[in-house]
Amino acid sequence: MSITLTRYLIEQQRTQGALPAELRLLLETVARACQHIAISVNKGALGEVLGSADTENVQGEVQKKLDIIANEVLIDANEWGGHLAAMASEEMDTIHPIPHRYPQGEYLLLFDPLDGSSNIDVNVSIGTIFSVLKKPNDDPNVIEPVSEQDFLQPGAQQVAAGYCIYGPQTTLALTVGRGVVMFTLDREQGVWLLTQENVQIPADTKEFAINMSNMRHWDTPVKRYVDECLQGKEGVRGKDFNMRWIASMVADVHRILMRGGIFMYPWDKREPHKPGKLRLMYEANPMGWLVEQAGGAATNGRQRILDIAPTELHQRVSVVLGSKNEVERVTAYHLEADKTSV
Ligand code: P6P
C-alpha cells in the first residue's frame, strides 16, 4: 500500500508530534500548488506558457511567463487557508500580507516559484523552492501587522523546507526537521506517493557542480579546490572527478540528495559588491536545511548558511553545499586564505 503525502503528514502529526495541524495543512496546500504548476510546466509549447513575459522582477531579471504563472498559483493557493500571516517571493518586491478578508495564521511562506527559468524554453528540469518560518512574537492577544522584518530570521529558524522538481518525474522533497523524505507525483491518481525516506548524502564524492565559465573571476580558495579536482588521480586528491552544471539549482541539489556531490555558486569578481548570485531566504536557506537534514553541509565558504542573520529580504549569498567532507574542505580553504591575507 503506497503512502500518500496526506497520510504521511497526518502520521507525522499524530505519532511524532512533529507537525502542528496548521503546518500540515500549509504543506499540503503548497504540494497541491506544485501539482498545479506542474500541469502548466508540462504543457510547454502546447499551453502558451513559454517565453518571456516582457517584465522584470525585483532582481532586475526578465521574467518568463511561467515565473509569473507559478507565482500566482502559489499566492492564490495559500491566501485563504488561515495558516499564513504573509508570503514572500523572488518575483515580488515586497511581502504579500494575507488580505483582511481571510483569517490570519502564524506561519510565513517564502518561495522561489520557478527556479532555473533559463531552462524553461529548452525543456530542462526546473523547480519550485519553498521555506516556512513562524511569525515572531506570535501573541494571539497582540494583533500586529506583519512586516518584512518578521521574515528576517536565520535559516536555522525554519520549521519546514522543500522543493518540487519538474523533471522526467515530478518529485517533492521535504523536511520538517526529522530528515528528508521524497514523494513522486502519480499523475493517474493525482496524488503524491512516498518514494524515499531518510535521504542520506554520502560524505565523500567525485562529482562537483560549478559554472566553469566563471573560473577567471573566482577567489583563490575556489580556484584551489577546483584545480585539485581537475588534477584527478595524479593530483593531491588522488582520484578523478566528474563535473555537472545544470544551471537549475533545484536539479543540481536533487542530484546531490540522490547520489552526493558538491554544488558551488561562490562570490566572484564580476560584481564584487554582491556576496553571490543566489538568494539567502528562499534558495540557500531551504536548500541548506534539506542538505543538512540529509547529512550534508551548507556554508557560504566561511560560515554555516543557516546561521547567517539576514538584513534584507532579497539578499544574496555565496553557496557551497553537499557532501560534508567536500564542503568542509572548501570552507577550510577559505578560512586558511583569510588567515594568510590578514
Ligand atoms: P548561471 C537559476 O537562474 C539560478 O538562480 C540557479 O537555479 C542556478 O544554479 C544558477 O542561477 C545558474 O546561474 O550563472 O550558471 O546561469
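Coordinate-derived values only; no laboratory data. Not measured: the values here are computed from a predicted model. Cβ: placed from backbone, ideal geometry, glycine included. Neighbour counts: every protein chain shown.
Quick rundown of the values:
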item	result
Additional length obtainable on full extension of the chain from Thr311 to Glu188, 0.36 nm per residue less Cα span	39.8 nm
Modelled label reach - Arg237, point 7 Å along Cα→Cβ, segment 314-336 residues with backbone N closer than 15 Å	321-333
R0 of 25 Å, Cβ-Cβ distance Gln200-Lys223: FRET efficiency to nearest 0.05	0.25
Sites Thr4 and Lys269 - FRET efficiency at Förster radius 45 Å, r taken between beta-carbons, to 0.05	0.40
Cut-off 12 Å (backbone N to label point 7 Å along Cα→Cβ of Met212), residues of segment 234-254	241-245
Loop sites in segment 164-219: GluC sites (Glu not before Pro), DSSP, at most 10 other Cβ within 10 Å	Glu188
GNM result for the chain, Cα springs below 10 Å: residue of Asn71, Asn137, Asn42 fluctuating most strongly	Asn137
Hits among lysines - C-alpha to C-alpha of Lys274 under 30 Å, sequence gap 8 or more where chains match	Lys64, Lys65, Lys134, Lys135, Lys206, Lys223, Lys324, Lys339
Whole-Hz ³J(HN,Hα) from phi, Karplus 6.51 cos²θ - 1.76 cosθ + 1.60, for segment 323-333, glycine and proline x	3, 3, 5, 6, 4, 5, 5, 4, 5, 4, 5
Paramagnetic label zone (point 7 Å from Cα along Cα-to-C-beta, Ala332; backbone N under 14 Å) in segment 212-243	225, 236-238
Dipole moment magnitude, nearest 20 debye, segment 1-89 about Cα centre, only Lys, Arg, Asp, Glu C-beta charged	460
Extended-chain gain in nm, criterion 0.36 nm per residue less alpha-carbon gap, Asp54 and Glu148	31.1 nm
Asn325-Leu46 pseudo-label distance in nm [points 7 Å out on the Cα-to-Cβ vector]	4.7
Point-to-point label distance, Ala21-Ser118, nm (Cα→Cβ direction, 7 Å offset)	4.7
Test item: Cα-centred dipole of the chain, Lys/Arg +1 and Asp/Glu -1 on Cβ, debye	1020
Computed E for Ser341/Arg259 - FRET, C-beta separation, R0 41 angstrom, nearest 0.05	0.70
